[in-house]
1. With a 10 Å cut-off between alpha carbons and a GNM built on the chain, which of 267, 103, 180 moves the most?
2. Please state, rounded to one decimal and in Å, the Kirkwood hydrodynamic radius that the chain gives when every pair of distinct Cα atoms enters the mean of 1/r.
3. Only counting other Cβ atoms within 10 Å, I'd like 124, 192 sorted with the fewest neighbours first.
4. Calculate the all-directions average of the projected area of the stretch 233-276's alpha-carbon convex hull, and give it in nm².
5. May I ask you to sort 183, 92 by Cβ crowding, counting other Cβ atoms within 10 Å and putting the fewest first?
6. Ignoring everything except DSSP H segments at least 4 long, calculate the 222 nm mean residue ellipticity for the chain; use -39,500 (n - 2.57) per segment, divide by total residues, nearest 500.
7. In terms of the Cα gyration tensor, with a ≥ b ≥ c the square roots of its eigenvalues, is the stretch 139-283 rounded because a/c is under 1.5, prolate because a/b exceeds b/c, or oblate?
8. Once the piece of chain linking residue 134 and residue 215 is laid out straight, how much longer is it, given 0.36 nm per residue of separation minus the C-alpha distance between them?
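Since every read-out is calculated from the coordinates, none of them should be taken as a lab result. A quick note: this is a predicted structure, and the numbers were derived from the prediction, not measured. Ideal geometry is used to build each Cβ from the backbone, glycine not excepted, and the neighbour counts take in all protein chains shown.
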Ligand code: SF4
């Protein structure tokens, strides 16, 4: 029941859960839960380890390189393309050692992935989107109480520009459609606005995504979304609270969809039965 929200701003209409609430909720966790609660369970509750996906591995290494670039811009360090490429190479190897193994097909796949990373980073540094001025902040971790949420909201912003615009970087295999991209990342973007407003009292002029696209000729594409109005904020708080409620009440079940094509838990998923069925079978 999330339709009657006029009375109290950000009230979701969902009841507050006082039993096994998570410590906090992040937009990433909420999106993961809402996309498939059972996949969320396997990944984050049961903590079943699988090989790291190639896309996630590449995204993390690219992220480390961009972070180094933005920190160098912020603090006046070495922001040359060679220095940033070196950070990528080190991160690519370190992540594989520390968080791997990575699900590469073979050595050629690994080499291609590494080169793709270097190419998209070089394209970003060469693009007008590369941060020219001093950012306001880099890698901002925020944790704030948000009205309507039973637990604190947390979020890590890649970059905050001088005018308080939060920017999140995405590695992508194909060129994003701006409308779909903004819609797809609505929970994350609006969460950043909520966190920014709670922490600083400032409303960002825009909520931005920058895509590093590893097409044949790598591209850097910025997708801008206007700041959320009261309705968008209430809707996102309701989505976050829906995830909190589901996690707190142990509601985990298969949600077949497009996400199954990259899910690594198909065997575990096929073994799933609701508790009631399991009890009946055991009786
Ligand atoms: S296979 Fe599909 S339904 Fe099953 S856990 Fe994975 S994403 Fe969910």
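1. The residue that fluctuates most here is 267.
2. Taking the inverse mean of 1/r over all distinct Cα pairs, the chain comes out at 20.6 Å.
3. Least crowded to most crowded, the residues run 124, 192.
4. On the way: hull surface 17.2 nm².
Directional mean of the projected Cα hull area for the stretch 233-276 stands at 4.3 nm².
5. 183, 92
6. Details: 10 runs with 127 residues, N = 283.
Mean residue ellipticity at 222 nm (helix-derived): -14000 deg cm²/dmol.
7. The shape class here is oblate.
8. 26.2 nm
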